[in-house]
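Right, one structure below, let's go through it.
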Amino acid sequence: MTNIYNHILNSKLKNEKLLAILLDPDKIDLNTIAVLVEKINQSPATHIFIGGSLVENNILDELIIKIKRNCALPIVLFPGNPSQISDQADALLFLSLISGRNPDFLIDHQVNAVPILKKTQLEIISTGYILIESGSETAVARVSKTTPLARNNPNYILQTALAGEMLGNKLIYLEAGSGAKQAVPLDVIQLVSSNCKMPILVGGGIVDEQGIQNAYKSGADLVVIGTAFENNLNFFEQ
């Protein structure tokens with residue numbers, strides 16, 4: 001599958017909301033993958049994101065192959081570092097943590113990923129990644145050694161998003177972090193979405209259907225559900 005970014009962009013233009021289920025390979029048992037895929041197929045998901053802050057096992061290729069056997073959704077890598085790249089996926093969010101000032105996550109990991117990416121046919125989507133304060137230290141903050149942007153300073157979050165847009169990012173990802181106590185503030189989503197031309201992705205701290213709908217109504221073009229689905233495979237049936 002190609003042109004995943006164009007599909008996201010066209011969906012934004014049509015006001016068609018998208019939903020991604022984020023899977024962390026470290027938290028998946030390949031022996032129960034059939035049940036996982038069945039639940040995904042029964043959900044309203046339009047995309048599958050795969051990745052995590054660490055990913056210490058080596059099942060990425062096998063995981064994607066097993067998912068693709070029984071699921072037609074596009075698989076997009078959400079890598080924390082270059083070791084999380086697989087040519088079995090369809091696309092990759094080429095993340096730059098523009099909310100932080102750690103050069104490893106701003107540009108160094110991206111530079112190191114180039115020789116690997118050049119050997120694949122992955123669609124590479126430049127993404128400005130913005131971590132927002134969520135009430136607790138998340139894995140992203142801990143691993144990246146960066147401080148999230150203050151949730152009560154929406155104007156600075158907007159400035160950061162616009163800087164990403166001016167740098168040429170194709171997507172902006174507003175992230176509260178895996179297992180966040182608080183989701184991205186709705187006023188922040190609204191401010192960023194109303195001032196940026198790019199599609200806006202929102203994830204972290206969304207624990208129910210109302211949270212998804214609130215993010216959509218505030219301007220999110222694609223909502224990412226990770227921990228809530230991970231903890232309860234019947235999340236979308238409730």
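The values are calculated or read from the model by the stated rules, or taken from the named source; none is laboratory data. All values reported here derive from a predicted model rather than from experimental measurement. Cβ placement follows ideal geometry from the backbone for every residue including glycine, while neighbour counts extend to all protein chains displayed. Protein only, heavy atoms only, side chains kept; ligands, DNA and RNA dropped before computing areas. Shrake-Rupley method; radii C 1.70, N 1.55, O 1.52, S 1.80 Å.
With n ≥ 4 as the cut-off for DSSP H runs, can you work out [θ] at 222 nm for the chain, using -39500 (n - 2.57) per run divided by the number of residues, rounded to the nearest 500?
Calculated at 222 nm, the ellipticity per residue is -10000 deg cm²/dmol.
Under the rule of at least 5 residues apart or a separate chain, name every residue whose amide H is placed under 5 Å from the amide H of Ala180.
It is Gly205, by chain and number.
Could you list, bin by bin from short to long, the percent of Cα-Cα pairs of segment 136-209 in 10 Å steps?
Spelled out bin by bin, segment 136-209 gives 19, 51, 29, 1 percent.
Going out from 0 in 10 Å bins, what whole percent of all Cα-Cα distances in the chain drops into each bin?
With 10 Å bins starting at 0, P(r) equals 8, 35, 40, 16, 1.
Tell me, what HN-Hα J-couplings in whole Hz come from the Karplus equation 6.51 cos²θ - 1.76 cosθ + 1.60 at θ = phi - 60° for each residue of segment 175-181, using x for Gly and Pro?
10, 8, x, 4, x, 4, 6
Taking the Cα centre of the chain as origin and charging only Cβ (+1 Lys, Arg; -1 Asp, Glu), how large is the dipole, in debye to the nearest 20?
480 debye
Once you order the gyration tensor axes a ≥ b ≥ c over the Cα atoms, which shape class does segment 184-238 get: rounded for a/c under 1.5, otherwise prolate or oblate by comparing a/b with b/c?
Prolate shape, in that a/c is at least 1.5 and a/b is the bigger ratio.
With +1 on each Lys and Arg Cβ and -1 on each Asp and Glu Cβ, how big is the dipole of segment 37-93 about its Cα centre, in debye rounded to the nearest 20? Let's see the in-between values first.
Numbers: 4 positive and 6 negative charges, 40 e Å.
Value, rounded to 20: 200 debye.
Keeping the other protein chains in place, figure out the carbon and sulfur percent of the accessible area of segment 137-238, with a 1.4 Å probe.
49 percent
Please check the chain for the longest run free of GluC sites (Glu not before Pro) that are loop-located per DSSP (anything but H, G, I, E, B) and have at most 15 other Cβ atoms within 10 Å.
138-238
Specify whether the C-alpha gyration tensor of segment 1-133 places it in the rounded, prolate or oblate class, a ≥ b ≥ c being the square roots of the eigenvalues: rounded for a/c under 1.5, otherwise prolate if a/b is larger than b/c and oblate if not.
Cα axes put segment 1-133 in the oblate bin.
Setting aside same-chain residues fewer than 8 positions from Lys14, which aspartates and glutamates have a Cα under 19 Å from its Cα?
Excluding near neighbours in sequence, the set is Asp221.
In the Gaussian network model of the chain, springs joining C-alpha atoms below 10 Å, which of Ser194, Ser53, Ser86 carries the largest mean-square fluctuation?
Ser194
Select from Ser96, Asn70, Leu162 the residue farthest towards the positive end of the dipole of the chain; place +1 on Cβ of Lys and Arg, -1 on Cβ of Asp and Glu, and compute about the Cα centre.
Leu162
Excluding residues fewer than 8 places away in the same chain, name every one of the aspartates and glutamates whose C-alpha is closer than 16 Å to that of Lys66.
Asp24, Asp26, Asp29, Glu38, Asp87, Asp90
Rounded if a/c is under 1.5, else prolate if a/b beats b/c, else oblate: with a ≥ b ≥ c from the C-alpha gyration tensor eigenvalues square-rooted, which is segment 1-53?
Working: a/c = 2.79, a/b = 1.94, b/c = 1.43.
Note, shape of segment 1-53 comes out prolate.
Rg to Rh ratio, segment 71-189, alpha-carbon atoms and Kirkwood radius?
0.97
Assigning unit charges at the beta carbon (Lys, Arg +1; Asp, Glu -1) and nothing else, what dipole magnitude in debye, to the nearest 20, does segment 147-222 show about its Cα centre?
The calculated dipole for segment 147-222 is roughly 140 debye.
Could you give the accessible area per residue of the chain, probe 1.4 Å, as a whole number in Å²?
With all protein chains present, the chain gives 47 Å² per residue.
Work from the charge dipole of the chain (Cβ charges, +1 for Lys and Arg, -1 for Asp and Glu, about the Cα centre) and give the residue of Ala183, Leu9, Ile50 farthest towards its positive end.
The Cα lying farthest towards the positive end belongs to Leu9.
Over segment 117-238, how many pairs of lysines fall under 29 Å by alpha carbon, counting only those 8 or more apart in sequence or from different chains?
For segment 117-238, the number of qualifying lysine pairs is 12.
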